[in-house]
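Data block below; observations after.
The values are calculated or read from the model by the stated rules, or taken from the named source; none is laboratory data. If you're wondering where the values come from, they're calculated on a predicted model, not measured in any experiment. Here the Cβ positions follow ideal geometry from the backbone for every residue, glycine too, while neighbour counts run over all protein chains shown.
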Amino acid sequence: SKSLSDEENLKLFGKCNNPNGHGHNYKARLLISLLFSLQIDPVSGMVINLTDLKEYMQEAIMEPLDHKNLDKDVPYFADIVSTTENVAVFIWENLKKLLPTGTLYKVKVYETDQNIVVYKGEETILE
């Protein structure tokens, strides 16, 4: 965090506090809401076309984040600490712009098998 001293960053982030950054292979899972208020297309039988969903995920997640140094290559994280929580918010905000209104239910980001963040808009749940 740019707002903390080197000592405060070390105390707060431990081994993740590295001036040159450190890598993660995040996994993200999305849950698209199939609420009764959403119309299932009678021809396709889908709420959202899976080809379109894949394109949205490419634009919202893969293009801006894949093989990137979040702190240096992603403008969103210039002033926001690149924690797993903030990665989940970033994904949520990007997907929400592309998906039909009301279809995104939650974003689940795995930093490790033990460090998982679930984000549902303004409600964040640590699992």
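Assorted remarks:
- Residue that is farthest from LEU12 (Cα to Cα) [pool: residues in the range 54-69 that are of a type outside the set (D, E, K, R) and in contact (Cβ under 8 Å) with a residue 24 or more places away in the chain]: TYR56
- Residue in the range 21-30 that is at pLDDT 90 or above and surrounded by fewer than 16 Cβ atoms within 10 Å (Cβ to Cβ) present: no
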